[in-house]
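Okay, so here's the structure we're looking at.
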Amino acid sequence: MISQYAYFALSSHRVSAAEITARLGIEPDEISVRGSRHANPARPASHRWKVVCRRPGLTVDDQISQILDRLFAHAERLGELAAELESLDGGPGGSMLQVVRVFEHPDGEEEDVTTPVEGLEKLPGQHQLLGWHLDARVLEFLRLTRAELDVDEYAYG
């Protein structure tokens, strides 16, 4: 069983998610406030503005595509703000495209061996959510937004 989601984030140690929203004019799906859980050391370590896709049943490709459908028209502006945030914070990491996958998650999606795939025989162990790729549109978005790609994969428990 697999649980997965993807998001695009702008992060800063100094600029709040509310300020990022005001500057972009784009409402995030989620935000994090630096130090809201622990003051010393600050956790989360930075303010974060995020556009997220958590829709079940979608491949990573489709989740990323849904994020890009919302943000691609703003990619250059996102990249300019990411560069500014990097400059203010004194290092890279102002923007990121994140993929998070958890294998054997009890709330994850079960493997579907009954749905036919054209031209292929579906065998157990070929979970429909395994495998993904980055097309030219995604690579261009990463370039324009100055985003890093980070993929986290975990085994549940």
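The values are calculated or read from the model by the stated rules, or taken from the named source; none is laboratory data. Worth saying up front: this structure is predicted, and the values here are computed from it rather than measured. Note: ideal-geometry Cβ built from the backbone for every residue, glycine included; neighbour counts use all protein chains shown. With ligands, DNA and RNA removed, areas are computed over all heavy atoms of the protein, side chains included. Shrake-Rupley method; radii C 1.70, N 1.55, O 1.52, S 1.80 Å.
Only residues that are in contact with a Pro (Cβ under 8 Å, 6 or more places away or on another chain) and either farther than 13 Å from Phe103 by Cβ or open to solvent by less than 50 Å² (accessible area, probe 1.4 Å) (or both) were counted in segment 135-157, giving 1.
Check every one of the strands (runs of 3 or more DSSP E) wholly within segment 1-115 and list those with 1 or more residues that are more than 23 Å from Arg143 (Cα to Cα) and at pLDDT below 85.
On the way: elements: 2-12, 30-32, 47-53, 95-103.
The strands (runs of 3 or more DSSP E) meeting that bar are 2-12, 95-103.
Filter segment 116-134 for residues that are open to solvent by less than 70 Å² (accessible area, probe 1.4 Å) and modelled with pLDDT under 70 and give the result.
Step one: list which residues in segment 116-134 are open to solvent by less than 70 Å² (accessible area, probe 1.4 Å), which gives 117, 122, 125, 127-129, 131, 134.
Scanning segment 116-134 gives Val117, Lys122, Gly125, His127, Gln128, Leu129, Gly131.
Considering only segment 65-83, how many residues are open to solvent by 70 Å² or more (accessible area, probe 1.4 Å) and free of Cβ contacts under 8 Å to residues at least 60 places away in the same chain?
Keep residues of segment 65-83 that are open to solvent by 70 Å² or more (accessible area, probe 1.4 Å), which gives 69-70, 73, 76-77, 80.
From what's left, free of Cβ contacts under 8 Å to residues at least 60 places away in the same chain: 69-70, 73, 77, 80.
Matching residues across segment 65-83 total 5.
Applying the criterion of being surrounded by 14 or more Cβ atoms within 10 Å (Cβ to Cβ) and in contact (Cβ under 8 Å) with a residue 12 or more places away in the chain to the residues of segment 54-64, the residue that is farthest from the chain's Cα centre (by Cα) is Thr59.
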